[in-house]
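Novice: Quick one: the structure is below, and I'll ask about it shortly.
The values are calculated or read from the model by the stated rules, or taken from the named source; none is laboratory data. A quick note: this is a predicted structure, and the numbers were derived from the prediction, not measured. Ideal geometry is used to build each Cβ from the backbone, glycine not excepted, and the neighbour counts take in all protein chains shown. Only protein heavy atoms, including side chains, enter the accessible area calculation; ligands, DNA and RNA are left aside. Shrake-Rupley method; radii C 1.70, N 1.55, O 1.52, S 1.80 Å.
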Amino acid sequence: MTVKYVVACDGSPGSKRALEFAADEASTHGAAILIAFVLEWSPYSFLTPEEIEERHKRRAEELERAREAVVTPLAESVKDSGIEVDAVIRYGHVAETLVDIAEQEGARQIFIGRTGHGHRGLAARLFGSVASTMAETSPVPCTIVP
């Protein structure tokens, strides 16, 4: 059985650093990498059938954009180094979904980037809370890459 590392990627500089660090570790230890891209998705309970259909269409478009713009280029950058790499894109709460992915895939470790010093605003707070939640709830070691 191949050792697998899950790397949370969203295209941010922090997630790119996490992928680079994980790739170095994977190369050293002969591990494979699973790039995990999680899109937040909030279910609305008060939608008409037409609105639900439109929302599913937009969801499919968003998944394809994420694959083309972020996931495929990141996976290709790792493949060039000879590391086995795969990717998954899911909707859900980021930390919970990463934990689910790690458990389903039998991952040995999760790598996640964090925002740099001095970043402010909602995105920095949300990503910081994901890193904190992962550190507390991960079923396997979680490396938070600065």
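Novice: Counting only heavy atoms of protein chains, what accessible area per residue, in Å², does the chain have with a probe of 1.4 Å?
Specialist: Spelled out: the 1.4 Å probe surface of the chain, per residue, equals 59 Å².
Novice: Using a Gaussian network model of the chain whose springs link C-alpha atoms within less than 10 Å, name the residue from PHE46, PHE111, PHE37 with the highest mean-square fluctuation.
Specialist: PHE46
Novice: How large is the translational diffusion coefficient of the chain in µm² per second when you combine the Kirkwood radius over alpha carbon pairs with Stokes-Einstein at 10 °C and 1.306 mPa s?
Specialist: In µm²/s, the coefficient rounds to 100.
Novice: Using 0.36 nm times the number of residues separating GLU96 and THR28, minus their current alpha carbon distance, what extension gain do you get?
Specialist: That works out to 21.6 nm of additional length.
Novice: Return the distance in nm (one decimal) between the two label points of a simple spin-label model at ASP86 and THR48, each offset 7 Å from Cα along Cα→Cβ.
Specialist: Between ASP86 and THR48, the label points sit 4.2 nm apart.
Novice: Sticking with this structure for a sec: Per DSSP helix of 4 or more residues, -39500 (n - 2.57); summed, then divided by the residues of the chain. What does that give at 222 nm, rounded to the nearest 500?
Specialist: Here the helix-only value at 222 nm equals -15500 deg cm²/dmol.
Novice: If you don't mind, there's one more thing I want to ask. Non-local amide H neighbours of ALA87 (under 5 Å, H modeled in plane, Pro and chain starts lacking H): which ones?
Specialist: ILE35
Novice: May I ask for the distance between the Cα centers of segment 1-30 and segment 74-96, given as a whole number of Å?
Specialist: 8 Å
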